């Protein structure tokens, strides 16, 4: 019996591994505490090891091609997520979220990403049934993202005002908002908010509404991160779909990459200033994926062109990533020595 093109055993192993990983992460970080660089680095290594273990399982049970497709999609999603992580840093900074609460927000953000990725993968792989035209559209989307990132490098971006964000305005429309952080709470009951606002002399806009809960700035931050991730998925999902047409391969590659994003966030927060050329590598990979989709569309529509094998795609992705990291480290060392 098969599900998503794979035996039930493979689907169950994937689902159980993800569920256990989420439970382990929640148990290990149940207390509000700052995440040190050492801890984040060790957790990053752990999540990479879990992903490699699943890739090895695919290699022995489904062949080297499937393993290569998984690893290519995994690395792509991981690398493309870097830009989104810097956006998340800006969101945390704007809301002045303490370090101790950031892992909690990211944990719930990842749960939302798991759900939204399933929806996007189902839609994306379904659209491919309409033929080369969809591949051309995906190629255009990925290429456009590369151009946008290229332009961003040439201009200094101002810190966004998230009070104008659609998610911010949406939450305020349905919930009163507590004027400051309330520990790690996402919500307060209306009764508790009324009692505390009277005790502290705080004015809570919209508290007289019949909404049963009052949202805190931490919840506003979470919703904005979720919406930003959905927008990011419009770019990353077509890129990973370019690697494989197998829904389980695409989804598992994305989910294993997402599972490690929380720890990677804290690593980048500490070391991001050293990875000065990593964004250039991301742009190169986006153009590579766009070209891959374009060649695939031409072959399917006109019978010309060619398709890169899974092994070649994996080598290209790893090579570009390695060059970006090495160039960043060399550049950072030179700047330090000046």
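Hey, can you tell me all the residues within the stretch 249-263 that are more than 19 Å from residue 103 (Cα to Cα) and either under 12 Å from the mean Cα position of the chain (by Cα) or surrounded by fewer than 22 Cβ atoms within 10 Å (Cβ to Cβ) (or both)?
Residues of the stretch 249-263 more than 19 Å from residue 103 (Cα to Cα): 249-254.
Selection gives 253, 254.
Check the stretch 143-156 and report whether any residue there is touching a residue at least 60 places away in the same chain (Cβ under 8 Å), surrounded by fewer than 16 Cβ atoms within 10 Å (Cβ to Cβ) and either touching a strand residue (DSSP E or B) at 6+ places or on another chain (Cβ under 8 Å) or not in a loop (DSSP other than H, G, I, E, B) (or both). Break it down into steps so the answer makes sense when it comes.
Taking the stretch 143-156 first, the residues touching a residue at least 60 places away in the same chain (Cβ under 8 Å) are 143, 145-146, 149-150, 153.
Filter once more, so that each one left must be surrounded by fewer than 16 Cβ atoms within 10 Å (Cβ to Cβ): 150, 153.
Next cut, either touching a strand residue (DSSP E or B) at 6+ places or on another chain (Cβ under 8 Å) or not in a loop (DSSP other than H, G, I, E, B) (or both) only: 150.
Yes, the stretch 143-156 contains a residue that is touching a residue at least 60 places away in the same chain (Cβ under 8 Å), surrounded by fewer than 16 Cβ atoms within 10 Å (Cβ to Cβ) and either touching a strand residue (DSSP E or B) at 6+ places or on another chain (Cβ under 8 Å) or not in a loop (DSSP other than H, G, I, E, B) (or both).
Could you list, in sequence order, the residues of the stretch 55-65 that are part of a helix (DSSP H, G or I) and surrounded by fewer than 22 Cβ atoms within 10 Å (Cβ to Cβ)? Quick ask: steps written out before the conclusion?
Filtering the stretch 55-65 for residues part of a helix (DSSP H, G or I) gives 55-62, 64-65.
Of everything in the stretch 55-65, those that are part of a helix (DSSP H, G or I) and surrounded by fewer than 22 Cβ atoms within 10 Å (Cβ to Cβ) turn out to be 55, 56, 57, 59, 60, 61, 62, 64, 65.
Just for helices (runs of 4 or more DSSP H) wholly inside the stretch 222-303: which have at least 3 residues that are out of contact with any helix residue (DSSP H, G or I) (no Cβ under 6 Å at 6 or more places or on another chain) and farther than 26 Å from residue 15 by Cα?
Counting at least 3 such residues, we get 278-302.
If the requirement is being assigned to a helix (DSSP H, G or I), out of contact with any strand residue (DSSP E or B) (no Cβ under 8 Å at 6 or more places or on another chain) and in contact (Cβ under 8 Å) with a residue 40 or more places away in the chain, which of these qualifies: 79, 12?
The unique qualifying residue is 79.
Is there a residue being surrounded by fewer than 19 Cβ atoms within 10 Å (Cβ to Cβ), farther than 30 Å from residue 289 by Cα and free of Cβ contacts under 8 Å to residues at least 60 places away in the same chain anywhere in the stretch 97-104?
For the stretch 97-104, residues surrounded by fewer than 19 Cβ atoms within 10 Å (Cβ to Cβ), farther than 30 Å from residue 289 by Cα and free of Cβ contacts under 8 Å to residues at least 60 places away in the same chain: absent.
Answer yes or no: is there a residue in the stretch 205-218 that is in a helix (DSSP H, G or I) and in contact (Cβ under 8 Å) with a residue 40 or more places away in the chain.
Yes: the stretch 205-218 contains one or more residues that are in a helix (DSSP H, G or I) and in contact (Cβ under 8 Å) with a residue 40 or more places away in the chain.
Which condition does residue 129 not pass, out of (1) surrounded by fewer than 11 Cβ atoms within 10 Å (Cβ to Cβ); (2) more than 30 Å from residue 276 (Cα to Cα); (3) modelled with pLDDT of 80 or more, if it passes all the others?
Going through the list (1) surrounded by fewer than 11 Cβ atoms within 10 Å (Cβ to Cβ); (2) more than 30 Å from residue 276 (Cα to Cα); (3) modelled with pLDDT of 80 or more, residue 129 breaks only (3).
Determine which member of the set 138, 116, 168, 120 is touching a helix residue (DSSP H, G or I) at 6+ places or on another chain (Cβ under 6 Å), surrounded by fewer than 18 Cβ atoms within 10 Å (Cβ to Cβ) and not in a strand (DSSP E or B).
So the residue among 138, 116, 168, 120 that is touching a helix residue (DSSP H, G or I) at 6+ places or on another chain (Cβ under 6 Å), surrounded by fewer than 18 Cβ atoms within 10 Å (Cβ to Cβ) and not in a strand (DSSP E or B) is 116.
Taking the stated definitions as given, is residue 50 in contact (Cβ under 8 Å) with a residue 12 or more places away in the chain, out of contact with any strand residue (DSSP E or B) (no Cβ under 8 Å at 6 or more places or on another chain) and in a helix (DSSP H, G or I)?
Yes: the conditions hold for residue 50.
The values are calculated or read from the model by the stated rules, or taken from the named source; none is laboratory data. This is a predicted model, so every value here is computed, not measured. Virtual Cβ from ideal backbone geometry, glycine too; neighbours counted across all protein chains shown.
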